[in-house]
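Notes to accompany the following structure.
The values are calculated or read from the model by the stated rules, or taken from the named source; none is laboratory data. Given the structure is predicted, the values throughout are model-derived calculations rather than measurements. Quick reminder, even Gly has a Cβ in these numbers, built from the backbone with ideal geometry, and neighbours come from all protein chains shown. Heavy atoms of the whole protein, side chains included, go into the accessibility calculation; ligands, DNA and RNA do not. Shrake-Rupley method; radii C 1.70, N 1.55, O 1.52, S 1.80 Å.
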Amino acid sequence: MTGLGTADETMTAQLQRGLGVALWRQIADGIRAGIANGLADETGRLPPEAGLAERFGVNRHTVRAAIAALAHEGVLESQQGRGTYVRRRQRLIYPIGERTRFSAGLGDQARDTRSEMIGTAKEPATAWVARALGLETGKGVIRIESLGRADGIPVSRSTSWFAADRFEGIAELFARTGSVTAALAGFGISDYRRTSTSIEARHAEEADTRELQLAPGAIVIVTRAVNGDLSGAPVQCSVTRFAADRVELRVEAATPGPDGSSAG
């Protein structure tokens, strides 16, 4: 293909055929990245389908599938007779810090924030869960699946684990309160701190697309976290998936202690 600029050549080179990721999904990701780098004009309008097809070296049907996926995710909107536009919706800022809490973290960015339990089970701890909670592998843990919403829009899907011996009945408390903080308070834990967080980005899995209402293969930001009580004993570990187009994670610096070291 001739006449492509450096950015366009990069986009085309990034397409990988035969590696298990559909071309339309790769193009959707390329459009998403292109939006951040000036792909749309000053009005938010994308190049026409024919131009995008030439840019990516594919047919218009593939581009149309990518645009439809991004429209489903709320990134784009098609206006009859005018073209495809970027939706000017600002992402929510979610802080990751010493005291990470869903509702408090979103603050006044949404009128209504809530978490709801969508599943629970008692199961043996996997190696990672056991290590995070200081248990033996296979020890009983309580798993809670929850969905976080902001103004009715699903923004996060979490899986949390708690030691069954210490927190028998925590699922019922969470179901009633919609709050990990309130559920832990029922066991005498008035405060807890984030002891570790890791962050990665990946394509959404089937459960993510269903619960977060995403198109197949959409990008989610995944955090793995461990919370401990004020004595440092682990009380919860979790894996949370955030819809990347709806939430921006912001890592906050730890609060310095009296001696200048990081508290918690």
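For the range 60-101, what is the accessible area per residue in Å² when the probe is 1.4 Å?
So the range 60-101 comes to 56 Å² accessible per residue, rounded to a whole number.
Put a plus charge on the Cβ of each Lys and Arg, a minus charge on the Cβ of each Asp and Glu, and nothing anywhere else: the dipole of the chain about its Cα centre is then about 300 debye. Sorting 109-115, 244-250 by average packing, meaning the other beta carbons within 10 Å per residue, from highest down gives 244-250, 109-115. Between Asp151 and Glu172, residue separation times 0.36 nm minus the direct Cα-Cα distance comes to 5.1 nm. Taking 7 Å steps out from each Cα toward its Cβ at His203 and Glu123 produces label points 2.3 nm apart. The slack between Arg45 and Ser196, meaning 0.36 nm per residue of separation minus the straight C-alpha distance, is 50.3 nm. I need the shape label for the range 171-231. Rule: rounded when a/c is under 1.5, else prolate if a/b > b/c, else oblate, with a, b, c from the alpha carbon gyration tensor. Oblate.
Taking all protein chains together and a 1.4 Å probe, the residues Trp161, Trp128 rank Trp128, Trp161 from largest to smallest accessible area.
Rolling a 1.4 Å probe over the protein chains gives Ile199 an accessible area of about 80 Å².
Calculated on the Cα set of the range 117-264, radius of gyration then Dmax: 15.9, 49 Å. Taking all protein chains as they are arranged and a probe of 1.4 Å, the heavy atoms of Thr120 leave approximately 70 Å² accessible to solvent. Here the range 53-197 has 46 percent of its accessible surface on carbon and sulfur atoms, given a 1.4 Å probe and all protein chains in place. When semi-axes √(5λ) of the Cα gyration tensor in Å is computed from the coordinates, the matching label among (1) 29, 24, 16; (2) 40, 19, 18; (3) 68, 20, 16 is (2).
Each label was represented as a point 7 Å from its Cα along the Cα-to-Cβ direction; for Lys139 and Arg60 these points are 6.2 nm apart. The range 94-122 and the range 149-194 have Cα centres spaced 10 Å apart.
Let me make sure I get this right: for the range 32-73, a, b and c are the square roots of the gyration tensor eigenvalues over alpha carbons, sorted descending. Under 1.5 in a/c it's rounded, otherwise prolate if a/b > b/c, else oblate. Which is it? The shape class here is oblate. Working from label points 7 Å from Cα in the Cα-to-Cβ sense, the Asp108 to Arg131 distance is 4.3 nm.
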